[in-house]
Amino acid sequence: MIGSYIKTSGRSIVRNKMFSTINIFGLAISMSVGLLLIAFLADLNSYDRIHTKGDRIYRLIDTHVNKHHGKSIELASTSVVAPRRIKEEYAGIEDLVLMRSGFGGDAEVNDKVVPIEGIWSDDSFFNVFSFKLLKGNPRTALKAPFSIVLTEKEANRVFGDDDPMGKTIRMKDDSEKGFSEYLVTGLMEDPPKFSHIRFGALASFATLDILKKNEEYFLEWQNVWSNYAYIVLPEKSSTEDLQSYLDNLAKTENEKMPDVSITFTLQPFFDIALGKDLSNQLGPTMLSSVMWIVSALAVVVILSACFNYTNLSIARSMRRSREVGIRKVIGALRSHVLAQFIAEAVIISFLALVLSFGIFLILRPAFLSLSSELSNLVTLDLTPSVVGYFILLAVIVGLVAGILPALFFAKIKAVQVLKDVSSIKVFKNVAVRRLLIVAQYTLSLAFIATTMIGYEQYKYFIAFDLGYKTDNILNIRLQGNNPDVVSKAMQEIPEVSRISRSIMVTSTGSYYGNMIKYQGDSVDISYNTIDEHYLPIHGHKFLAGTNFRYQQKGVVEHQAIVNEKLVSRLKMGTPDQAVGERFQIDTVNYRIVGVLKDFHYGKVDSKIDPFIFKYSNEDVSYLNASISSKDWIATMEKVEEAWKKVDPIHALDAKFYSDKIQESYNQFQVMVKVIGFLAVLAITIASMGLLGMVVFTTETRTKEISIRKVLGASEGSLIYLLSRGFILLLLVSAVIALPLTYLLFTNVILREFVYTAPIGMFELFGGLVGILIIAMIMIGSQTIRVARANPASVLKSE
């Protein structure tokens with residue numbers, strides 16, 4: 001029976017080459033998106049699965065709330081104090097590991113200097129996680145201060161082929177000697193690709209207790225920015241009791257703090273990689289909402305191709321209904337007909353799978369190159385399970401595409417169809433076919449309008465007037481080097497006209513924050529630390545006061561330059577009145593020496609809030625070089641050479657301000673590219689389906705066209721006759737898609753952005769015009785072919 005289904009399906013596919021080709025190519029294009037999605041989801045669901053206790057591990061999440069204005073931040077990080085309190089006071093946990101980001105620096109071994117990056121961790125690390133320790137004792141490797149565990153890759157970089165165990169690594173730090181010596185106490189396997197915890201080295205957390213012993217803030221309750229806690233619960237235990245303890249702990253501590261409130265929640269370990277949008281993530285993550293959106297879009301594209309199959313199958317029903325009638329006369333049951341048409345759809349789906357796999361191999365590198373974050377997150381490699389899901393997708397697509405035509409043909413009555421096929425009631429109502437065409441083009445128009453609107457918004461974001469100059473400014477990350485030395489080397493380049501210093505690059509999504517107190521009032525502020533050259537180079541406009549003046553080491557007075565928003569928020573009066581006022585950050589008093597016109601230090605998704613510039617020519621992380629050049633490639637080569645003379649170990653990390661701003665909107669750009677790609681696929685699939693419908697319609701109306709032509713109808717009137725129905729369906733699609741897309745952007749997507757570009761007529765209707773042109777070309781080409789046929793040759797047999 002199955003062999004008969006396959007033979008019959010094969011004959012039908014070969015006999016109807018035009019429609020089979022349209023269906024196979026349409027399904028292949030859409031299924032290639034499905035294959036990408038399957039590989040993507042398979043990678044994301046592989047994260048952290050090596051850990052045997054993963055189903056019992058929970059990460060401690062902090063919610064930081066400012067009591068004055070209610071601003072809330074949900075953090076993946078926590079304080080040092082909270083996890084230690086939990087471990088000491090709560091007996092209902094199996095274990096807890098405390099970690100801290102930021103370990104690293106230049107490691108010196110036998111006159112060799114190698115950069116190392118990693119994390120700090122206490123001695124519970126290997127008990128909580130299942131990372132494999134190849135050498136050393138997992139219980140004691142991270143117990144003693146100044147102990148370090150290296151991964152195989154890091155050990156090879158530092159020691160080559162030598163055994164690292166027991167050897168010493170010297171690293172620069174803020175201790176009294178200016179460096180510390182770490183003893184290698186363990187060697188472990190490299191963390192797998194699909195791990196949100198990534199590192200080259202682990203340093204004992206006990207070391208921090210020594211290095212930070214004079215820093216009171218290190219052990220304060222509100223220092224929640226860099227530490228991470230993972231808790232293991234006993235088997236078959238719930239989180240309710242622990243959560244109750246955490247709520248009571250937070251309540252007790254929050255009563256002691258006048259400015260902030262910190263509460264705790266527990267995040268399941270396997271939900272981290274594909275989870276909530278948290279600040280201070282320890283490793284790569286993907287928002288679950290993004291995955292739902294991408295998955296929904298991929299399903300929509302696949303369904304569009306399934307619509308094609310259903311539409312064309314029903315359109316050919318006049319021809320195949322007699323075939324079904326004859327089958328039933330010779331004994332075929334309804335279930336046999338049903339199985340036959342589903343088998344045909346599945347076979348076409350498998351043929352499409354072969355073609356879609358080739359498309360997938362072409363698309364995979366292009367997809368990974370969309371952003372560095374994406375290639376860092378997934379690999380899209382083929383595994384047996386992924387291939388199995390590919391095959392399952394082909395079966396599902398075949399079933400979805402074939403079920404409606406199969407049900408339609410299975411209920412045909414043999415006597416009725418053999419007597420008069422036109423008497424079948426279903427043929428008198430083409431609402432289903434029209435509905436499918438409208439659905440396809442509604443999705444296509446929505447996709448293309450979304451792409452065009454999104455691209456215009458992206459261009460607006462990167463060209464947004466920030467209120468200061470960014471042209472031709474190269475931001476060079478110092479990477480721990482002496483700013484005086486690097487600055488001197490750069491100033492020797494003729495194309496470098498001026499250089500300033502800063503602790504960060506503003507308007508790119510990075511923020512440094514603190515709280516200032518002024519006359520009994522307090523306010524959260526963002527800040528940047530700069531030297532006296534920064535404001536002139538960037539063209540900031542003073543409303544009152546003066547710029548910073550150069551200060552030597554040991555100067556006691558702390559100066560600040562503030563923006564208008566801070567003056568207004570703290571009710572200091574006019575900008576002139578604000579100059580000379582003093583405020584406090586922590587225990588340090590600052591004097592305002594200048595007030596700047598408001599500028600956009602954040603991205604366009606945030607409004608202008610209080611901001612200050614603090615002065616320093618040493619506590620900086622970037623040099624900001626203003627460059628004038630006619631040969632940018634040659635100039636950058638000079639910058640590279642100057643850097644290598646100062647630092648032969650670290651690669652130059654320098655980006656122009658405009659490129660840095662563009663990178664900060666990379667996620668938005670990637671989303672526009674993905675939706676644009678899906679738009680092209682959706683339009684292609686819908687156009688192929690429309691082409692099939694036009695071919696079928698013109699073929700079935702050939703005699704009608706010939707008779708009309710004999711009676712005097714012109715080619716233009718025939719084209720209008722055959723195309724008006726399709727054009728009307730496209731216009732109906734536009735009436736549905738364009739208003740919905742406009743509302744989606746104005747009420748949902750762009751509501752998150754404070755500053756947006758207006759949505760123009762071209763972005764909304766440009767796609768409609770393009771699709772109408774494509775549709776008219778397809779309709780016109782087929783109609784003209786039939787209209788120009790000789791009526792005598794068509795009607796001679798009548």
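The table below gives the values:
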| quantity | calculated |
| --- | --- |
| Stretchable slack from Ile493 to Glu235, in nm (0.36 nm times residue separation minus alpha-carbon distance) | 86.4 nm |
| By average C-beta atoms within 10 angstrom, highest first, the peptides 100-106, 87-93 | 100-106, 87-93 |
| Distance in nm between pseudo-label sites at Leu744 and Ala296 (7 Å out along the Cβ direction from Cα) | 0.8 |
| Two-decimal Rg to Rh for region 130-229 - Kirkwood Rh, Cα set | 0.99 |
| Under 5 Å, built H, 5+ apart or other chain: amide partners of His533 | Arg501 |
| Rounded to the nearest 20 debye, dipole of the chain from Cβ charges on Lys, Arg, Asp, Glu | 5440 |
| Principal-axis tilt of helix 632-646 within the chain, Cα atoms, nearest 10 degrees | 40 |
| Projected area, mean over directions - region 57-272, Cα convex hull, nm² | 13.0 |
| Rounded tilt (10° steps) of 240-254 against the dominant C-alpha axis of the chain | 40 |
| Dimensions (Å) - region 203-323, Cα atoms, principal axes, largest first | 89, 33, 31 |
| Residue (of Tyr742, Leu731, Met671) at the positive-pole extreme of region 663-797, dipole from beta-carbon charges | Leu731 |
| Estimated distance in nm for a label pair at Leu361 and Glu532, the labels positioned 7 Å out from Cα along Cα-to-Cβ | 6.5 |
| Greater than 20 Å apart at Cα, pairs in Lys153/Lys644; Lys143/Lys193; Lys71/Lys517; Lys112/Lys644; Lys541/Lys565 | Lys153/Lys644; Lys143/Lys193 |
| Spread of Cα-to-Cα distances over 10 Å intervals beginning at zero, given as percent, for region 458-530 | 13, 36, 30, 17, 3, 0 |
| With Cα atoms, 0 to 90° folded angle of helix 317-329 axis to the chain main axis | 70 |
| Relative contact order, percent, the chain [alpha-carbon distance under 8 Å, six or more residues apart] | 15 |
| Alpha carbon convex hull of the chain, volume per residue in cubic angstrom | 227 |
| Set of aspartates and glutamates near Lys67 by C-alpha distance (under 15 Å), chain-local residues within fewer than 8 positions excluded | Glu253, Glu255, Asp259, Asp521, Asp524 |
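Throughout, read-outs are computed from the coordinates displayed, never taken from laboratory work. Just so it is clear, the model here is predicted, and its values are computed rather than measured. Quick reminder, even Gly has a Cβ in these numbers, built from the backbone with ideal geometry, and neighbours come from all protein chains shown.
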